[in-house]
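The values are calculated or read from the model by the stated rules, or taken from the named source; none is laboratory data. Nothing here was measured: the structure is a model prediction, and the numbers come from that model. Note: ideal-geometry Cβ built from the backbone for every residue, glycine included; neighbour counts use all protein chains shown. To get the accessible areas, we keep the full protein, side chains included, count just its heavy atoms, and leave off ligands, DNA and RNA. Shrake-Rupley method; radii C 1.70, N 1.55, O 1.52, S 1.80 Å.
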Amino acid sequence: MKMRKIAAALAVGMGVMTLAGCNLVVKTDEAQVKDAEQIASTVIAKGDGFTITQKDIDDKYKVLLEQIQIQYGDETLRSEQMKPYLEAQKQSIMDQLVRQQLFDKKVVEMKIAEGSADMLAKYDEMVASNVAAFGDKTKFEDAVKSAGYTMESYKAEVLKGLRYDALIAE
């Protein structure tokens, strides 16, 4: 009697495994969303006062993919030659995020002002130079948008870069 129960349980288990392998048993949309949320919240790197999740990396990676798609097209993005490059970019994005967190912490420790008059003047100079290079303000703003930024986020990134430059100079 015991053997029959074991054999029946094995048969049911193998049947479920077979059906799952043939995609006859699929996860509900709710379960798939829950799995995606769990993956997104996975901690990839943790340091002194900061945490980098899979979502942080995925967000930057999506921007990179959009830029490649705009610049080179869908065909290039799907090519076999791009796969190693794209995988390397995920690691590079993680490294960049870690460095950024460390720099941000050091900038605060060294009390380098976020929006000092000097940095704002340098930003204005950079914008004026870029506007001249693009021919007019509209073309420059279009280039900023095509790079995945709004003018506000572009300004924030430039000012952050100027703070990092000040940190390195000290």
Restricting attention to region 47-122, which trypsin sites (Lys or Arg not before Pro) occupy a DSSP loop and are surrounded by at most 16 other Cβ atoms within 10 Å?
Lys111
Got a number for the accessible area of Met94? Probe 1.4 Å, square angstrom, nearest 10.
40
Name the residues whose placed amide hydrogens come within less than 5 Å of the amide hydrogen of Ile44, ignoring near sequence neighbours (fewer than 5 apart) on the same chain.
Ile52, Thr53, Gln54
Ratio of the Cα radius of gyration of region 71-170 to 2.2 N^0.38 Å, where N counts its residues
1.34
Tabulate in residue order the Karplus-calculated ³J(HN,Hα) for region 125-135, using 6.51 cos²θ - 1.76 cosθ + 1.60 with θ = phi - 60°, rounded to whole Hz; enter x for Gly and Pro.
4, 5, 5, 4, 5, 5, 4, 5, 5, 7, x
